[in-house]
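Asker: Pasting in a structure now, in structure tokens, and then I'll have a few things to ask.
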Amino acid sequence: MLATVRRYEAAGFRAWPAAAVHYDGTWVVRLTAGHPAKRLNSVNPLDPGDIQHIADRIGRASRRFDAYGRPLTFRMSPLSGPDLASHLDSEGWSRFDESLVMRLPLAGAQLDTAMDQIPLKDISRFIGASLKVSGSDVSLRPGLSEIIGAIQPEAGLFALEDGAEPLATLICVHDGDLAGLFEVATDKAARNKGHGRNLILSALKWARLRGAREAWLQVEAGNVPALALYRSLGFEEVYRYHYRRPPGHE
């Protein structure tokens with residue numbers, strides 16, 4: 001199981017790269033000045049047995065986060081292990097925003113009827129559509145542009161549009177035999193019309209043609225409509241992760 005988790009964690013780091021990455025033992029400290037996302041600004045422990053000098057190492061991580069103006073945040077997957085979790089419990093750290101990592105084998109996926117769609121080449125156009133569809137602040141544009149520009153595997157930028165109006169957007173990162181879906185969003189006024197489903201199927205068809213054998217994604221446990229959509233497409237849970245912060249940093 002832990003080998004599977006490591007595979008997806010590594011794919012996630014490659015697909016959604018932080019601006020700065022530091023290592024403290026097997027803790028991966030990811031920080032990004034240009035974007036506040038927790039995935040890009042968190043400590044990610046990758047070995048349950050790496051439990052030496054926890055308090056000192058948390059202190060070092062805290063100083064790095066302070067330098068970036070970010071709240072100290074740990075992202076806890078099954079690789080974090082029970083000992084670190086117990087330490088954070090004893091220090092009164094909060095736990096929040098649980099998410100699922102889900103996967104879908106592409107061999108049997110019904111993609112033949114999916115619309116053939118060519119990813120956008122214009123990053124600026126995609127970012128504008130993504131920010132509008134997700135209702136995100138335009139101040140995130142430079143940071144999002146930096147992240148997308150830093151993705152090393154092949155990244156398909158998909159947008160479903162009605163004329164000049166974007167309806168749904170997503171990023172599909174093709175990395176070997178994996179296809180990761182990121183920033184999946186549908187405009188609030190265009191939901192429940194199948195736009196998100198159709199765009200996902202088109203992106204997965206694109207990835208499968210390039211050799212991807214398995215799709216995967218991350219979704220917040222509280223996002224009931226998204227979970228229902230992904231499950232209806234055949235995605236199944238692999239593992240969960242959550243975030244933790246020390247008292248006073250919630």
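The numbers here are math on the coordinates, done by the rules we state, and not lab data. Note that the structure is a prediction, hence the values are computed from the model and not measured. Cβ placement follows ideal geometry from the backbone for every residue including glycine, while neighbour counts extend to all protein chains displayed.
Asker: What residues from the stretch 193-207 fall in the zone where the backbone N is under 19 Å from a label point 7 Å along the Cα-to-C-beta line of residue 118?
Answerer: Zone members listed by number: 199, 202-207.
Asker: Which label belongs to the value computed from this structure, given these candidates for Cα extents along the principal axes in Å: (i) 50, 38, 38; (ii) 64, 44, 32; (iii) 54, 38, 31?
Answerer: Calculated Cα extents along the principal axes in Å: the matching label is (iii).
Asker: Continuing with the same structure: So what's the back-of-envelope 222 nm ellipticity for the chain, counting only DSSP H runs of four-plus at -39500 (n - 2.57) apiece and dividing by all residues, rounded to 500? Each step should come with its number before you reach the end.
Answerer: Numbers: 7 runs with 85 residues, N = 250.
Rounded to the nearest 500, it is -10500 deg cm²/dmol.
Asker: For the chain, what is the charge dipole size about the Cα centre, in debye to the nearest 20, if Lys and Arg each add +1 at the Cβ and Asp and Glu each add -1 at the Cβ?
Answerer: On the way: 30 positive and 29 negative charges, 32 e Å.
Rounded to the nearest 20 debye, it is 160 debye.
Asker: Output the relative contact order of the chain, whole-number percent, from Cα pairs under 8 angstrom with separation of 6+ residues.
Answerer: Numbers: 450 pairs, mean separation 65.9, N = 250.
Answer for the chain is 26 percent.
Asker: A follow-up question, please. What is the local net charge at residue 130, summed over the other residues whose Cβ is closer than 13 Å to its Cβ (Lys, Arg +1; Asp, Glu -1)?
Answerer: Local net charge: -2.
Asker: Could you compute the FRET efficiency for residue 249 and residue 47, with r as their C-beta to C-beta distance and R0 at 30 Å, rounded to 0.05?
Answerer: Working: r = 24 Å, r/R0 = 0.82.
E(calc), rounded to 0.05, equals 0.75.
Asker: Treating the stretch 108-212 as a set of equal point scatterers at the Cα positions, no solvent, please give the Debye-formula log₁₀ I(q)/I(0) at q = 0.17 Å⁻¹.
Answerer: -0.75
Asker: I would also like to ask the following. In nm², what is the average projected area of the convex hull enclosing the Cα atoms of the stretch 209-250?
Answerer: The orientation-averaged projected area of the Cα hull of the stretch 209-250 comes to 4.8 nm².
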